[in-house]
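Working notes for the structure below.
What follows draws every value from the coordinates through simple rules; no lab data is involved. Note that the structure is predicted; figures quoted are calculated from it, not measured. For neighbour counting, all protein chains shown are included, and Cβ atoms are generated from backbone atoms with ideal geometry for every residue, glycine included.
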Amino acid sequence: MEVLKKNNLKSFNLYEFLKHQNSHSFNIPFFLADSHTYKNAHVNFPFRTFAYGLGVTYSGEGEVFKIGSTDYRLSTGCLTTIGPGMVCQWMGNYTAEHDTVYFTEELFNGIKTNSFLQSLSFFFHGGNHVIRLTEEQLKKMTSTFNLLKELKEDKKAIPGIVYSLLMLADSFHSFQNGKSKNANTSNKEKITYAFRKLVAAHFPDHKEVSYYAAQLNITPKYLSEILQSELGKSAKAFIDEYVMMEARSLLKQSTLSVQEICYWLGFEDASHFTKSFKKLTNLTPTAYRKL
């Protein structure tokens, strides 16, 4: 982790990049995006987020948005939430009609303590980042986004409207959680969320399934069965994909050398890292960086 503090990890910051691309004011720590925003961005690699993001899709038939190594299919009526420090990637050209607000904690300075953001689990590793809204929920989100678009130049109004979006999202997540009545499914979901949170925290030091199974007090076999059922991949495949998403982000988004990235990701040596990277991408780290 110390390596990151000494290097320019923020050589690419999507939030600032989009604001610059769209001539958006830097005086207000928020940015509104829609289907036109990404057309000229060409962000086709995994990127680490430095802001919070909340979006609603109004069209689409299952475009894949990868967060960590979890694949989410975004279709009409989906609510998507991401927080700082996550590595994400659009797996195609994201052309769906949508509204998305990006913001930083500074948006609420002097109005509300920023700590309330920490209570919103859907912004953090292990949370549920994509849910399908009901027709009524979608109407509420659409109306609030329309108000935000109407008042986007009103510095005093913006924090309150964004806060309203967050509280709506929180209530919709609570509604979905309460609606789940299948105890077995609920327990599997809890294990999946806990596993994802653990991987995000410990992947540089632990890449073996047995470590995570022990933390969750289940067998490695049962953990993989749950992951296969919930996410469509084994625990080992999840861990390996997660590590390589981090690697690809660092190669494209930072100025760290391959050796430094290898060290930060917890590999014994550069040859081991290169072998693992090539196995999943068919490219060496150096070749990938040059793409």
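The HN-Hα couplings worked out from phi for the stretch 208-224 by the Karplus form 6.51 cos²θ - 1.76 cosθ + 1.60 (θ = phi - 60°) are 9, 4, 4, 4, 6, 4, 5, 5, 9, 6, 9, 7, x, 5, 5, 4, 5 Hz, whole numbers, x standing for Gly and Pro.
Suppose a student asked you for the relative contact order of the chain, using Cα pairs under 8 Å spaced at least 6 residues apart; what percent would you report?
Details: 411 pairs, mean separation 57.6, N = 291.
It comes to 20 percent, rounded to a whole number.
Stretch Q176-T281 to full length: gain in nm at 0.36 nm per residue minus the Cα-Cα span? Show your work: numbers first, answer last.
Details: separation 105, 0.36 × 105 = 37.80 nm, distance 3.62 nm.
Result for the pair: 34.2 nm of gain on full extension.
The slack between E61 and E105, meaning 0.36 nm per residue of separation minus the straight C-alpha distance, is 12.6 nm.
Considering only G110, I239, S143, the residue lying farthest towards the positive end of the dipole of the chain is I239, judged by Cα position with unit charges set on Cβ. The slack in the chain from E208 to H272, taken as 0.36 nm per residue of separation less the alpha-carbon distance, amounts to 21.5 nm.
Per-residue packing, averaged as other Cβ atoms within 10 Å, sorts the ranges 51-58, 210-217, 194-201 into the order 51-58, 194-201, 210-217, beginning with the highest.
How would the stretch 183-290 be classified by its alpha-carbon gyration tensor: rounded, prolate or oblate, with rounded meaning a/c under 1.5 and the a/b versus b/c comparison settling the rest? Before the final figure, lay out the partial values.
Details: a/c = 2.47, a/b = 2.22, b/c = 1.11.
Because a/c hits 1.5 or more and a/b exceeds b/c, the stretch 183-290 counts as prolate.
Calculated from the structure at hand, mean projected area of the Cα convex hull in nm² is found among (i) 30.9; (ii) 13.3; (iii) 15.7 as (iii). The helix-only estimate of mean residue ellipticity at 222 nm for the chain, built from DSSP H runs of length n ≥ 4 each weighted as -39500 (n - 2.57), is -14000 deg cm²/dmol after division by the residue total.
Each Lys and Arg contributes +1 and each Asp and Glu -1, all at the Cβ; summed about the Cα centre of the chain, the dipole is approximately 300 debye.
Specify the inter-centroid distance of the stretch 253-269 and the stretch 142-212, based on alpha-carbon positions, in whole Å. If we compute the Cα centre of each part, the gap is 30 Å.
Principal-axis analysis of the Cα atoms of the chain puts helix 270-281 at an angle of about 60° to the longest axis.
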